[in-house]
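Report on one structure; see the data block that follows.
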Amino acid sequence: MNLVNPSAEELLGLKGDDLIGTQLADAVPEFGPQLKRARKPARRPGTDQITLRRRGSERNFAVRVTSEGDGQGYVVTFDDITELVIAQRSTAWADVARRIAHEIKNPLTPIQLSAERIRRKYGKVITEDREIFEQCTDTIVRQVSDIGRMVDEFSAFARMPKPVMELHDVREIVREAVFLFQVSRPDIDFTLDLPDKPVKTMSDQRLLTQAVTNLVKNASEGIDTAIENDPDRAGTGEITAKVAAKGDRVHITIIDNGCGLPKEDRDRLIEPYMTTRVKGTGLGLAIVQRITEQHGGKLRLPMLRSAAAKWRGHRC
Ligand SMILES: Nc1ncnc2c1ncn2[C@@H]1O[C@H](COP(=O)(O)OP(=O)(O)OP(=O)(O)O)[C@@H](O)[C@H]1O
Ligand SMILES: [Mg+2]
C-alpha cells in the first residue's frame, strides 16, 4: 500500500504508517477475494459487501476495487454501511414478527380455552391419575399464556409507534426510568449522574423512557447473572445512569458491574431475537436501537473490556 487516507485508517481501525509498504491482502485479509477478482482481466468493478471483525466489534463495508489500468495498482474504496445493514435487518425482522404474531396468535385462544374447559369439565370426573391430568392441563394453559405474551411483544415490535416529539428534560426521563427499578431492586446500588441544569431536547417521552428502561433492565439482569455465577457477589450490584449534554448531542449512558456483554458477536446483540437469556425475547436492544435512531441518535455497546479498561463497568 502506498496511500491510506484518514477515513480509511479510522474505518479499519489501523494506522496508516503501519500500512504503508504492506500488502493490502495481508493487512486486511477480508479484502483478499475482492483484490483477487480485480486482478482478472476485463473484470468490471462491482461492489461487494464484507464484514470486518475488530476487537469484538463487527462492521459491514461496501467495498469496490478498481484497477489503475496497468494491472499493477488498485484503488480500494469502502463505505461503512453497518447502520444501514442493521436497519434493513430490523425491518425484515419486523415483517417476520408481524407474520408470526398473526399466524400464532389466532390458534392460541382456542387452545387455551379448550384446555381450561377440559380441566373444568373432566377435572372432577377423573379419578385415576388425576394429578397427571391436572399437571398436563396446567402446563398447556401456562405455556400458551407464555407464548401469547411473547407474541404480544413481537407484534408491539412490529408496530412500533411513530415518535411524537416534544420538548422534554432528558434528566427527568432517565430519573423516572431508574426510579421504577430503584423501588423494585433494593439490592442494587443505583447512582444518577445528571447535569445540574435541565437538558431540554425534542423527544418522545414514552419511547425514550422505554429505551432507558430496557437498558436498565438488561443491566439488572446482567447483575443477576453475575450473582448466579458467583453468589458472593450478592448485594454488590451497581448501576449508574449518566446524562451528558455535548454540543447539540445528548449522551445517555447506563453502566453496570454485572456479568458483562458476551464477547462474541457483540453488534449482533442489537438484532431482534438475539438473546442469551432463557426468558428473553431479544427485542430489548433492537427496540432501543430503533428508538435512538428515531431520535437521530446511535446506540453504542461498549468495546471489549481490555479496550475500555478505564471503565470499571459495562456501558450501554
Ligand atoms: N447490561 C448487560 N449485561 C450483560 N449482557 C447484556 C447486557 N445488555 C444486553 N446484554 C446481552 O444482550 C442480549 C440481548 O439483549 P436484549 O435486551 O436485546 O434481549 P434480552 O434482554 O435477552 O431479552 P428481553 O429484552 O426481551 O428481556 C442479552 O440476552 C444479553 O446476552
Ligand atoms: Mg433486554
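The values are calculated or read from the model by the stated rules, or taken from the named source; none is laboratory data. Computed from a predicted structure; not experimentally measured. In this analysis, Cβ positions are derived from the backbone assuming ideal geometry, glycine residues included, and neighbour counts consider all displayed protein chains. The protein model used for the area step is the full one, side chains on, heavy atoms only, and it has no ligands, DNA or RNA in it. Shrake-Rupley method; radii C 1.70, N 1.55, O 1.52, S 1.80 Å.
When the chain is treated as a GNM with alpha-carbon contacts under 10 Å, the residue of THR275, THR139, THR201 showing the greatest mean-square fluctuation is THR139. Using just the C-alpha positions of segment 166-315 as equal point scatterers, what log10 of I(q)/I(0) does the Debye formula give at each q in 0.12, 0.14 1/Å? For segment 166-315 at q = 0.12, 0.14 Å⁻¹, log10 I(q)/I(0) is -0.49, -0.68.
If you plug the beta carbon distance of GLU103 and ILE20 into 1/(1 + (r/R0)^6) with R0 = 51 Å, you get a FRET efficiency near 0.35.
Summary: within the chain, the longest segment free of chymotrypsin sites (Phe, Trp or Tyr not before Pro) located in DSSP loops with at most 14 other C-beta atoms within 10 Å is 1-272. Comparing ILE291, ILE81, ILE140, which has the greatest mean-square fluctuation in the GNM of the chain with Cα pairs linked when under 10 Å apart? Sorting by GNM fluctuation, first place goes to ILE140. Normalised size of the chain, defined as Cα radius of gyration per 2.2 N^0.38 Å with N residues, equals 1.29. Any idea what the relative contact order of the chain is, in percent, if you count C-alpha pairs under 8 Å spaced at least 6 apart? Dividing the mean separation by the residue count of the chain yields 13 percent. Average accessible surface for the chain: 62 Å² per residue, computed with a 1.4 Å probe over protein heavy atoms with every protein chain in place. When only Cα pairs below 8 angstrom with a gap of at least 6 residues are kept, segment 166-315 shows a relative contact order of 23 percent.
Around THR51, under 10 Å between beta carbons, what's the net of Lys plus Arg minus Asp minus Glu among the other residues? Here the charged neighbours net out to -1. Shape class for segment 85-158: prolate, because the ratio a/c of the largest to smallest gyration tensor axis (alpha-carbon atoms, square roots of eigenvalues) is 1.5 or more and a/b beats b/c. Within the accessible area of the chain, the carbon and sulfur atoms contribute 52%, probe 1.4 Å, all protein chains present. Considering the chain as a Gaussian network with a 10 Å cut-off on Cα pairs, which listed residue, ALA38, ALA158, ALA286, attains the greatest mean-square fluctuation? Comparing ALA38, ALA158, ALA286 in the GNM, the peak value goes to ALA38.
For a straight C-alpha distance cut-off of 16 angstrom, the aspartates and glutamates reachable from LYS162 (same-chain residues fewer than eight places away being disregarded) are ASP204, GLU293.
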